[in-house]
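Asks: Following this message is one structure expressed as structure tokens.
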Amino acid sequence: MEKFVIRDTRADEIETVAGFIAEGYLDDIYFHWVVDVPEDRFNVIKAYYVIYLSARGAVSHVCEDEAGRMVGATCWLPHDLDEGVDAKVYAAAGKHAHTFKQVSKLAAASCPPIDEPYFELVSVVTAKDMQGKGIGAALLKHHIDILDPQGIHTYLEASTPYHGGGVYGKFGYQQAGELMVFAPTAILYPLWREARKAQIVKFGNFQWRVLKRQKHATLLIMEDVLDYYVYYPVFKDMTWAESLVRYMLWVFYKFDFTEDEKARIGNNHSTKSDNPWYGTKGGKSTIDKIFLLSVEEIVKYFGDSGQLKAPNNRFFIDDIYNDARKPKTPARWLTRTPGNAQNMVAVVTEEGKILITGDFVTRETNDLFKVGVRPAMWVTGEI
């Protein structure tokens with residue numbers, strides 16, 4: 001049985017992934033209408049996807065085989081896409097801009113009129129010689145498994161006839177609204193999928209939120225704060241590896257779980273997490289049973305509005321995913337990412353904002369606000 005790896009698309013390979021997607025759509029009858037000059041088709045489609053892959057909040061994954069060859073790719077866009085993206089697409093399309101404008105006009109009328117966040121799948125491509133091996137379905141599942149625990153819906157416009165079956169039917173997509181008919185051979189089928197509710201499970205004596213399911217392990221984060229810990233009791237330069245809270249989570253692992261439960265808690269290779277805006281060093285990598293999420297992981301698993309990569313202020317991420325990041329009990333919760341200085345630590349505020357500048361490592365719970373921890377861990381077996 002062939003083995004495949006799905007990973008995030010790197011910023012330095014956007015051109016390559018866009019070319020891969022364009023190659024996959026060269027024979028698509030819809031794109032034959034959008035770009036009706038064969039000699040222009042590849043370059044226009046590639047430019048189109050370079051813009052989408054580079055857009056604020058875009059999420060892309062690639063699938064590689066055992067030899068490291070790209071055999072599949074996806075691109076997802078948030079529903080609140082920057083309006084400036086369309087103008088870039090029209091400019092890149094050149095003499096074909098009129099068809100792209102027709103698509104945008106009908107798409108605006110077909111998109112679900114809801115205020116809740118959702119992602120649109122704008123491409124899923126599998127290498128021709130690898131089709132029929134479940135790669136497209138695996139790529140869909142990879143991102144849906146991230147979005148479902150966050151309660152985030154998904155939408156797409158299929159260019160092949162939809163009759164309630166196939167890979168989209170398997171994932172629960174249903175037709176939404178009227179067909180988008182541009183020509184007898186160019187029809188898009190708007191499909192909508194409601195997110196499955198965030199899964200809350202019990203492990204040990206605590207309630208945990210499922211963040212991601214993999215074949216052999218599940219990533220969990222405590223639904224509420226475990227306790228009110230100080231990151232470090234002395235005001236000094238600090239990293240996750242040396243922090244008091246890391247030691248306290250080891251104590252939590254050692255004394256709050258049975259031996260059978262401890263055997264199911266896997267090792268997490270907590271890579272160093274430098275501050276993404278200020279470059280403050282995250283220190284050395286560690287191996288932990290129980291750990292804190294980094295800022296990047298919080299964005300990945302609770303919702304990505306694009307503000308991490310394209311900040312709209314110098315202090316915090318404040319977006320539609322604030323509510324998803326709140327614990328049951330109002331409290332700040334610590335991350336393992338340093339703040340804007342080595343004696344600061346990034347936190348999630350009571351309002352659910354990610355405070356990238358951070359708070360003092362010595363900050364204790366007081367009458368004004370509580371500072372707690374939400375442990376995370378990988379658990380093997382059925383849960």
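The values are calculated or read from the model by the stated rules, or taken from the named source; none is laboratory data. The structure presented is a predicted model; accordingly, all values stated were derived computationally and were not measured. Backbone-built Cβ (ideal geometry, glycine too); neighbour counts: all protein chains shown.
Asks: For segment 1-39, give me each residue that is assigned to a loop (DSSP other than H, G, I, E, B) and over 16 Å from ALA73 (Cβ atoms). It would help to see each step written out before you state the result.
Replies: Kept after step one, since they are assigned to a loop (DSSP other than H, G, I, E, B), are these residues of segment 1-39: 1-4, 9-10, 25-28, 35-37.
Passing the criteria: MET1, GLU2, LYS3, ASP27, VAL35, ASP36, VAL37.
Asks: Output the strands (runs of 3 or more DSSP E) that fall wholly within segment 184-258 and possess 1 or more residues being without any contact (Cβ under 8 Å) to a residue 12 or more places away in the chain and within 25 Å of the chain's Cα centre (by Cα), or say none. I'd like the intermediate steps shown before the answer.
Replies: On the way: elements: 186-193, 200-203, 206-213, 217-222.
Counting at least 1 such residues, we get 200-203.
Asks: Sort through ARG374, ARG336, ARG363, ARG314 and tell me the only one that's within 30 Å of ALA55 (Cβ to Cβ), modelled with pLDDT of 90 or more and outside any strand (DSSP E or B).
Replies: Values: ARG374 fails: within 30 Å of ALA55 (Cβ to Cβ); ARG336 fails: outside any strand (DSSP E or B); ARG363 fails: within 30 Å of ALA55 (Cβ to Cβ).
None of the other options fit; the residue is ARG314.
Asks: Could you name every one of the helices (runs of 4 or more DSSP H) located completely within segment 57-162 that has at least 3 residues being surrounded by fewer than 16 Cβ atoms within 10 Å (Cβ to Cβ) and modelled with pLDDT of 85 or more? Can you show your working first?
Replies: Numbers: elements: 84-93, 97-110, 135-147.
Output list reads 84-93, 97-110.
Asks: Same structure again: Looking only at segment 268-284, filter to residues that are without any contact (Cβ under 8 Å) to a residue 24 or more places away in the chain and assigned to a loop (DSSP other than H, G, I, E, B); which one of those is nearest to PHE203 (Cα to Cα)?
Replies: As a first pass, look at segment 268-284 and keep what is without any contact (Cβ under 8 Å) to a residue 24 or more places away in the chain: 269, 271, 279.
Filter once more, keeping what is assigned to a loop (DSSP other than H, G, I, E, B): 271, 279.
On the way: THR271: 25, GLY279: 36 Å.
Step by step, filter segment 268-284, then rank; the result is THR271.
Asks: Is it fair to say HIS32 is in contact (Cβ under 8 Å) with a residue 12 or more places away in the chain and more than 14 Å from GLY306 (Cβ to Cβ)?
Replies: Numbers: in contact (Cβ under 8 Å) with a residue 12 or more places away in the chain: yes; more than 14 Å from GLY306 (Cβ to Cβ): yes.
Yes.
Asks: Could you please let me know if ILE298 is surrounded by 21 or more Cβ atoms within 10 Å (Cβ to Cβ), of a type in the set (Val, Ile, Thr) and either under 19 Å from PHE206 (Cα atoms) or touching a Gly at 6+ places or on another chain (Cβ under 8 Å) (or both)?
Replies: Working: surrounded by 21 or more Cβ atoms within 10 Å (Cβ to Cβ): yes; of a type in the set (Val, Ile, Thr): yes; either under 19 Å from PHE206 (Cα atoms) or touching a Gly at 6+ places or on another chain (Cβ under 8 Å) (or both): no.
Answer is no for this residue.
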